[in-house]
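Here the structure comes first, spelled out in structure tokens, and everything after it is commentary.
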Amino acid sequence: MTGSLRFFLALSVVISHLSGSTYCEHIGYYSVRSFFILSSYAMTAALHEHYRFDAKSFWLNRFLRLGPTYLAACLLTFLAVEIFPLQSASFMPRWGFPATFADIVQNLLVIPIVFFRADQFIFIEPAWSLSIEIMMYGALFLLLARGPAFAFFGFALGFYLHLVATLNDVPFDRIYFSVNGPIMSFSVGALAYFWRRQSTPCIPPLAAVLALGLWMTNFFAEAALAPANYPVRAGFYLNIFLTIPVVVALSELKTGPALARVDRLLGDLSYPIYLVQWLGGFAGYMLFASPAMRGWELFFASVAPILLISGALSWLQGLVVEPLRSKIREGATEARVGAAMQPAE
């Protein structure tokens, strides 16, 4: 049921951005970090169980998974900005900055986005996390996913970097948006995979329910129950560690065919939802004449456009790209099995 978790996290980010609620601001931070852990867990599993660290098949499938939908979202955003330049610049200030040829190229390459200036044009505002995720895929492929010792080294390094930043009163935004900030989360995801591989199931049902309840409480209620700085200090790190049993438990959960299809559908929607949240927000703002740039009225007005655009992108991805991705993944698996069956020299 990890697809449902991805959908929930994507929708939580949308709420944190479009609602304009200071109470909900932290759930965007929490959602992205939880998704980093889930992504690392899934990529570590894929590297061991499908690709066997074959660079060609792994990176080609990563590009096919992320690239087409991202480029389509960029194209749709470009059209919106070109057709409604004044309104789009008012709604999203970064859409109003001059876009040089170099800016466009860097947007399309994704990785440079995390290094963008605050006054630099960007198609997809939250693409900074996609930039970091791609870099962390490299870290997983080269080191973190190679074994428990390497993952623990990454965790220790990430923990040290966070500790030093906290002790030196580095502002939370600088920690959160930094390139090295997610090292701990991605290492934790890899460690979660190695933990699960030791025994199945590794989390009793009662413990899984308890972990989910604690995670949800910290996720939603901490702003009301805890001190003002808790969401960006203790709560932020508690979210990281509570995500571990939640991810492992949901990955172990067995469901019937109908629920499995729903879970897959929701999971497929999560990535395009994350990419088009501001585009859908702008569509809601224009179509429903929302009086505010941010607010709950804008969020509810934007839900339908976001889901419609995301559904179309997900459908196109499934129709055109996913069959090719399946062939690449199956080819990597068959090559691994064939190599294992070769007699020893």
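The values are calculated or read from the model by the stated rules, or taken from the named source; none is laboratory data. Just so we're clear, the structure is a prediction, and the values are computed from it rather than from any experiment. For neighbour counting, all protein chains shown are included, and Cβ atoms are generated from backbone atoms with ideal geometry for every residue, glycine included. Quick note on the areas: whole protein, heavy atoms, side chains included, nothing else; ligands and nucleic acids left out. Shrake-Rupley method; radii C 1.70, N 1.55, O 1.52, S 1.80 Å.
Quick one: accessible area per residue over the stretch 118-249, 1.4 Å probe, rounded to a whole number of Å²?
Per-residue value: 45 Å².
Please state, rounded to one decimal and in Å, the Kirkwood hydrodynamic radius that the stretch 223-262 gives when every pair of distinct Cα atoms enters the mean of 1/r.
The answer is 12.4 Å.
Over all directions, the average projected area of the alpha-carbon convex hull for the stretch 118-176 comes to how many nm²? Write down the numbers at each step before the final one.
Details: hull surface 20.7 nm².
Mean projected area for the stretch 118-176: 5.2 nm², to one decimal.
Given all pairs of different Cα atoms, what value in angstroms does the Kirkwood hydrodynamic radius of the stretch 1-130 take? Let's see the in-between values first.
Values: mean 1/r = 0.0600 Å⁻¹.
After inverting the pairwise mean of 1/r, the radius is 16.7 Å.
If a paramagnetic tag sat 7 Å from the Cα of Glu25 along the Cα-Cβ line, which residues of the stretch 124-168 would have the backbone N under 13 Å from that point?
none
Using alpha carbons only, how many degrees (0 to 90, rounded to 10) separate the axis of helix 183-198 from the longest principal axis of the chain?
Tilt of helix 183-198: around 40 degrees.
Is there a quick way to get the dipole size of the stretch 116-216? I mean about its Cα centre, with the Cβ of Lys and Arg at +1 and of Asp and Glu at -1; what is the value in debye to the nearest 20? Let's see the in-between values first.
Numbers: 5 positive and 5 negative charges, 89 e Å.
My answer is approximately 420 debye.
Using +1 on the beta carbon of Lys and Arg, -1 on that of Asp and Glu, and nothing else charged, what's the dipole of the stretch 172-324 about the Cα centre, debye to 20?
That gives the stretch 172-324 a dipole magnitude of about 260 debye.
Among Leu76, Ile37, Pro204, which residue has its Cα furthest toward the positive end of the charge dipole of the chain, with +1 on Lys/Arg Cβ and -1 on Asp/Glu Cβ?
Value: Pro204.
Please report, for the Cα atoms of the stretch 85-145, the Rg to one decimal and the Dmax as a whole number; what are they, in angstrom?
Taking only Cα atoms of the stretch 85-145, I get Rg and Dmax of 13.8, 47 Å.
Equivalent-ellipsoid semi-axes (√(5λ), Cα gyration tensor) for the stretch 15-85, whole Å, largest first?
31, 23, 5
Answer with one residue from Gly138, Ile27, Phe152: the one whose Cα lies farthest towards the positive end of the charge dipole of the chain, charges on Cβ with Lys, Arg +1 and Asp, Glu -1.
Phe152
Kindly express, to the nearest 10 degrees and within the range 0 to 90, the angle between helix 205-220's C-alpha long axis and the longest C-alpha principal axis of the chain.
Approximately 20 degrees, to the nearest 10.
Any idea what angle helix 148-167 forms with the longest principal axis of the chain, computed on alpha-carbon atoms, 0 to 90 degrees, nearest 10?
40
To the nearest 20 debye, what is the magnitude of the charge dipole of the chain about its Cα centre, counting +1 on the Cβ of each Lys and Arg and -1 on the Cβ of each Asp and Glu?
560
Please report the equivalent ellipsoid semi-axes of the stretch 158-299, computed as sqrt(5 x eigenvalue) of the Cα gyration tensor, largest first, in whole Å.
Listed largest to smallest, the semi-axes of the stretch 158-299 are 29, 26, 16 Å.
May I have the convex hull volume per residue, in Å³, for the Cα set of the stretch 249-312?
It is 102 Å³ per residue.
Once fully extended, how much extra length lies between Glu49 and Phe8, figured as 0.36 nm per residue of separation less the alpha-carbon to alpha-carbon distance?
Stretched out fully, the Glu49 to Phe8 stretch lengthens by 12.1 nm.
What FRET efficiency comes out for Leu75 versus Leu206 if R0 is 35 angstrom and r is the Cβ-Cβ distance? Round to the nearest 0.05.
0.15
Relative contact order for the stretch 1-157 using alpha-carbon pairs under 8 Å, separation at least 6, rounded to a whole percent?
Answer for the stretch 1-157 is 16 percent.
How big is the stretch 76-206 along each principal axis, measuring the range of its Cα positions in Å and listing the largest first?
Principal-axis extents of the stretch 76-206 (Cα, largest first): 56, 36, 34 Å.
Give me the distance in nm between label points sitting 7 Å out from Cα along the Cα-to-Cβ direction at Arg65 and Val105, one decimal.
About 2.9 nm separates the two model spin labels.
Taking a quarter of the surface of the convex hull around the Cα atoms of the chain, what do you get in nm²?
If you wrap the Cα atoms of the chain in a convex hull and average its projections, you get 19.5 nm².
Which percent of the accessible heavy-atom area of the chain goes to carbon and sulfur, probe 1.4 angstrom?
Carbon plus sulfur share of accessible area: 71 percent.
Suppose R0 equals 25 Å; then what is the FRET efficiency for Asp119 and Ile175 from their Cβ-Cβ distance, rounded to the nearest 0.05?
0.70
Which one of Leu109, Trp315, Trp278 has its Cα pushed farthest toward the positive end of the charge dipole of the chain, where Lys and Arg give +1 and Asp and Glu give -1 at the Cβ?
Trp315
Read phi for every residue in the stretch 115-120 and hand back ³J(HN,Hα) as whole Hz from Karplus 6.51 cos²θ - 1.76 cosθ + 1.60, θ = phi - 60°, with x for Gly and Pro.
My calculation for the stretch 115-120 gives 9, 5, 6, 5, 9, 9 Hz in order.
Provide the per-residue ³J(HN,Hα) series for the stretch 273-288, in order, calculated from phi with Karplus coefficients 6.51, -1.76, 1.60 and θ = phi - 60°, each as a whole number of Hz, with x at glycine and proline positions.
Calculated HN-Hα couplings, in order: 4, 4, 6, 9, 4, 6, 5, x, x, 5, 4, x, 4, 7, 6, 9 Hz.
Summing -39500 (n - 2.57) over the DSSP H runs of n ≥ 4 in the chain and dividing by its residue number, what mean residue ellipticity at 222 nm do you reach, to the nearest 500 deg cm²/dmol?
When only DSSP H runs of four or more count, the value is -24500 deg cm²/dmol.
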